[in-house]
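Let me begin by presenting the structure, written as structure tokens, before commenting on it.
Rule-based calculations on the coordinates, nothing more; no lab input. All values derive from a computational prediction rather than experimental measurement. Here the Cβ positions follow ideal geometry from the backbone for every residue, glycine too, while neighbour counts run over all protein chains shown.
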Amino acid sequence: MTDMRTPLGKVRGLGSAHEGTDHFWRIRLTAVANVPLFLFFVGFLVSLNGADYATVRQALANPFVTLIFGLMILSGLYHMRLGMQIIIEDYIHGEGMKLALLMLNTFFCIAVGAASGYALARLAFGG
């Protein structure tokens, strides 16, 4: 019995992953942030239902709208990446496959974020 720590001391040791509750709080924080961002997004879509391309582009040229959409993209993709990471870590048991899928998860989120950011910038700033 070389480990003389109390049960509370073991818990504070952050477990085998050495992350503790950090991951839990990050996914909850992004979930809370996504609520107003996506409500704004849905409201924006409803308000522009049936509008032509020029009207939508003009609405997206508003810096406030562009900022909110950019934040929505970042928060949504980060939340998605964290959620998929949990699923991969819980249900994939081979270490090589787990590492490959975690890397693909990150690369996929980066690719979707870059494409979304590019599309938003093109619509907002013209081109």
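Residue farthest toward the positive end of the dipole of region 18-125, with Cβ of Lys/Arg at +1 and Asp/Glu at -1: which of PHE64, PHE24, VAL42?
Farthest towards the positive end: PHE64.
Quick one: 3J(HN,Hα) in Hz for region 57-70, Karplus 6.51/-1.76/1.60 with θ = phi - 60°, rounded, Gly and Pro as x.
Couplings: 5, 5, 5, 6, 6, 5, x, 5, 5, 4, 4, 4, 5, x Hz.
How much length, in nm to one decimal, is gained on full extension between PHE44 and LEU102, taken as 0.36 nm per residue of separation minus their Cα-Cα distance? All intermediate terms of the calculation are to be shown ahead of the outcome.
Working: separation 58, 0.36 × 58 = 20.88 nm, distance 3.35 nm.
Gain on stretching PHE44 to LEU102: 17.5 nm.
Relative to the Cα centre, what is the charge dipole magnitude of region 46-127, using +1 at the beta carbon of each Lys and Arg, -1 at the beta carbon of each Asp and Glu, and rounding to the nearest 20 debye? Don't skip to the end; give the middle numbers.
Values: 4 positive and 4 negative charges, 52 e Å.
Charge dipole, region 46-127, about its Cα centre: 260 debye, nearest 20.
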